[in-house]
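In what follows, a structure is listed as structure tokens, so that the remarks can point back to it.
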Amino acid sequence: MRIHRVDLTALFFVVVWICLGGVLKASPAASTQALVVGTIHDRRARNENYSYADVVHILATYDPDLICVEIRPQDFRREPYLKEMMLATVWGLSHGKKVAPIDWWEDTPNDREVRAKLEKQPEYMEKEKQVQLLRDQSAVIARYEKLYGPEDKEDQWGAHQGYRFWNGKDYNDLCAEEYRLSLQVYGDSPINLHYLSRNNHMMELIGNAMRENSSRRVIVLTGSEHKHFFDREFRENPEVETLDFDRLLPLKVGPLEPAMAKFLDEDDDLAYYEPGFPNDLVLLR
């Protein structure tokens, strides 16, 4: 028997090539790869480390075939909403991608208005003491505050943190713990903006969009407080491979394309609205 010598250096580079080549490809066992990106809404306007341009770079780097945005279907391309969601829609439309609205909440009653009233009630004050006691006993919150400091209402837990922080394990673990404790005391109520109902409805809309578009690579843009929920749901689905945000890095960074530059630099959001809804509500303000 002749024994062939193995070129270990060549073998090493073959293995590396295979691994890197598959970083952004869905695994054979999964039919779809999903990337959930936590965003920071209006805080982005004052955050130099997580800008609107970063959202464009994330989209360009991942290059999904389906973009899910946190906008309600009844409002989609008809009403102005969160700027990064409108921006992601414009990016998707300009690149021939499918864009699906996946937010959900009921107009009546309005949870935020109900919550504001409930927060003035004596019963709420007593329940808040229970929540605070649970928070004081939480190892997850204690670890987070040791790493990042106590909650700062003005800074809102790190208004200057970058996209890795808002999409990282520490912040997502914190969100999951905060909602777990809130549900323990308040249940699925207006106080936590019906956390379970809203997220479950949003997840259903995401699933519908993925099926309708036979999506292979989906990106979900949502407020960072939703990311842990969607990641968890995707990981429990054997047909979906959940991509950790860090595997996307480094981002492809370059000059903004004309449609995105016009949207951001000139506040021209006309490209967002569908035919029949021509009013540029930003410019008319």
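The values are calculated or read from the model by the stated rules, or taken from the named source; none is laboratory data. None of these values were measured; they are calculated from a predicted model. Note that we place each Cβ from the backbone using ideal geometry, even for glycine, and neighbour counts take in every protein chain shown.
Being at pLDDT below 95, outside any loop (DSSP other than H, G, I, E, B) and loosely packed, with under 12 Cβ neighbours inside 10 Å: is that true of Glu123 here?
yes
If you check Met210 against the conditions, is it touching a helix residue (DSSP H, G or I) at 6+ places or on another chain (Cβ under 6 Å) and aliphatic (A, V, I, L, M)?
no
State whether one or more residues within the range 214-225 are outside the structural domain of Val131 (by TED's automatic domain parsing), over 28 Å from Asp111 (Cβ atoms) and not polar (S, T, N, Q).
The answer is yes; a qualifying residue exists.
Mind telling me which of the residues Ala176, Ala159 ends up being modelled with pLDDT under 90 and under 28 Å from Arg247 (Cβ atoms)?
Ala159 is the lone residue from the list that is modelled with pLDDT under 90 and under 28 Å from Arg247 (Cβ atoms).
When you look at Val253, is it out of contact with any Ser or Thr (no Cβ under 8 Å at 6 or more places or on another chain), among the aliphatic types (A, V, I, L, M) and at negative phi, yes or no?
yes
Which condition number in (1) out of contact with any His (no Cβ under 8 Å at 6 or more places or on another chain); (2) buried (at least 20 other Cβ atoms within 10 Å of the Cβ); (3) within 18 Å of Tyr81 (Cβ to Cβ) is the one that Asp268 fails?
For Asp268, the failing item is (2).
With the requirement that a residue be without any contact (Cβ under 8 Å) to a residue 40 or more places away in the chain and in contact with an Asp or Glu (Cβ under 7 Å, 6 or more places away or on another chain), what does the range 254-267 give you?
Matches in the range 254-267: Lys262 only.
Among the numbered conditions (1) surrounded by 22 or more Cβ atoms within 10 Å (Cβ to Cβ); (2) part of a helix (DSSP H, G or I); (3) under 16 Å from the mean Cα position of the chain (by Cα), tell me where Ile71 comes up short.
Among (1) surrounded by 22 or more Cβ atoms within 10 Å (Cβ to Cβ); (2) part of a helix (DSSP H, G or I); (3) under 16 Å from the mean Cα position of the chain (by Cα), Ile71 violates only (2).
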